[in-house]
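The values are calculated or read from the model by the stated rules, or taken from the named source; none is laboratory data. Note that the coordinates shown come from a computational prediction; the quantities given were computed from them, not determined experimentally. Here the Cβ positions follow ideal geometry from the backbone for every residue, glycine too, while neighbour counts run over all protein chains shown.
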Amino acid sequence: MGVKWEDIPKKYKPHWSTWKIEGTPFEETQKKLNAKNLHDPWLRNEVWIYSIPKHYSSFVKVFTRGMIPGFALFLGLLGIKRYNGSETQHH
């Protein structure tokens with residue numbers, strides 16, 4: 001049912017101090033909260049979203065993943081169907 005946090009080796013777990021709010025859109029949110037004497041201690045937990053390289057989250061890349069093997073499989077199965085279907089006569 002998925003990977004548990006305990007199952008991940010320690011060397012792959014980022015330390016909490018690696019996520020910085022500075023330089024992200026959350027920095028403006030933090031300034032607005034501080035102006036109202038409020039603080040969101042969990043805001044840092046959402047900063048990882050902005051550390052993902054943009055080329056990995058490309059919609060086109062996700063949409064076209066597997067398109068070439070799928071099309072090749074489609075053509076192969078279509079050829080097999082036509083080869084086997086040519087022997088049978090339909091009225």
Quiz item: Here are some conditions: (1) at pLDDT 85 or above; (2) of a type outside the set (Ser, Thr, Tyr); (3) assigned to a loop (DSSP other than H, G, I, E, B). Gln30 meets all but one. Which one does it not meet?
Solution: (3)
Quiz item: Are there any pairs with C-beta distances below 6 angstrom linking a residue in the range 11-34 that is acidic (Asp, Glu) to a residue that is part of a loop (DSSP other than H, G, I, E, B), with the two at least 6 apart or on different chains, and if so which?
Solution: Glu27/Ile21
Practice problem: Determine which single condition Ser57 fails, assuming it passes every other condition in (1) within 20 Å of the chain's Cα centre (by Cα); (2) surrounded by 10 or more Cβ atoms within 10 Å (Cβ to Cβ); (3) modelled with pLDDT of 75 or more. | Solution: (3)
Quiz item: Can you tell me which residues in the range 1-24 are surrounded by fewer than 11 Cβ atoms within 10 Å (Cβ to Cβ) and in a loop (DSSP other than H, G, I, E, B)?
Solution: Met1, Gly2, Val3, Lys4, Ile8, Pro9, Lys13, Pro14, His15, Glu22, Gly23
Self-check item: Residue list for the range 36-54, filter: surrounded by 10 or more Cβ atoms within 10 Å (Cβ to Cβ) and either modelled with pLDDT under 80 or in a helix (DSSP H, G or I) (or both)
Solution: Leu43, Arg44, Asn45, Glu46, Val47, Trp48, Ile49, Tyr50, Ser51
